[in-house]
Amino acid sequence: MQRRQRANGRDTYAALLDAALAIWSEEGINRVTMQAVAERAGRTRGIMYHHFRDRDDLIAAVQIHLRDRLAHVFDFAKTPSRNDYLMVAGLMVDSPELVRSFLSRLLAGDAREDSLLAIARSHYREVKARNWLRPDIDADHAAVISLSMWLASMMAVDLKQNLNDRRAEASRFAETFQRVMESSIIYPEIERPTAGESVSLSRSKNR
């Protein structure tokens, strides 16, 4: 019974965050209220206050939820269908207000204290340890360049007005992002050495 109650609580919490994300994406942050989120999620206002102290607590939780989604880009255990280069550009099509808010906070804060940048730095240090980073590229520089491309994707998508054009632009920018990273920063997947394989052997196999 207790396990079922905990599971139901987690499901409710996730549903509330998803509802808040949807409202923020579609209507802007000012529309994200305790009442609006409860109605969108099909829950009571009392349930909202069970999970969040107030609206500020809700907004903070939504921002963390988005950060966690973005952090998946730096997860080595990716599925073959996941396109990391399209992640932020794709979100910009459907969630411009939310992504813009997140990137603004990233730029305004102290880089040394930003949790997502810390995840990115750790990721690229592991990339370098695996010999996937191109010679003479600093791992911290690679992390910063990767995140700066998210800002570039926001600007590229914003150049388009029509929804279909914005989706097409997101896909095109993802291709540009990949070319930039794999020509200057990291090696393409087909050129990366596997565990125990030397870098030179991996390169020779793909010539």
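The values are calculated or read from the model by the stated rules, or taken from the named source; none is laboratory data. Here the structure is a predicted model, which is why all the values come from computation and not from measurement. Counting neighbours? That spans all protein chains shown, and the Cβs are built from the backbone with ideal geometry, glycine included. Areas reflect the complete protein model, heavy atoms only, side chains present, ligands, DNA and RNA absent. Shrake-Rupley method; radii C 1.70, N 1.55, O 1.52, S 1.80 Å.
Å³ per residue of the Cα convex hull, for the chain?
With only Cα atoms used, the chain gives 163 Å³ per residue.
Accessible area per residue for the chain is 59 Å², calculated with a 1.4 Å probe on protein heavy atoms, without ligands, DNA or RNA. About its Cα centre, the dipole of the chain is roughly 580 debye, where the only charges are +1 on Lys and Arg Cβ and -1 on Asp and Glu Cβ. Of the solvent-accessible surface of region 28-127, computed with a 1.4 Å probe over protein heavy atoms with every protein chain present, carbon and sulfur atoms account for 50 percent. In the chain, the longest principal axis of the Cα atoms and the axis of helix 115-129 are about 20 degrees apart.
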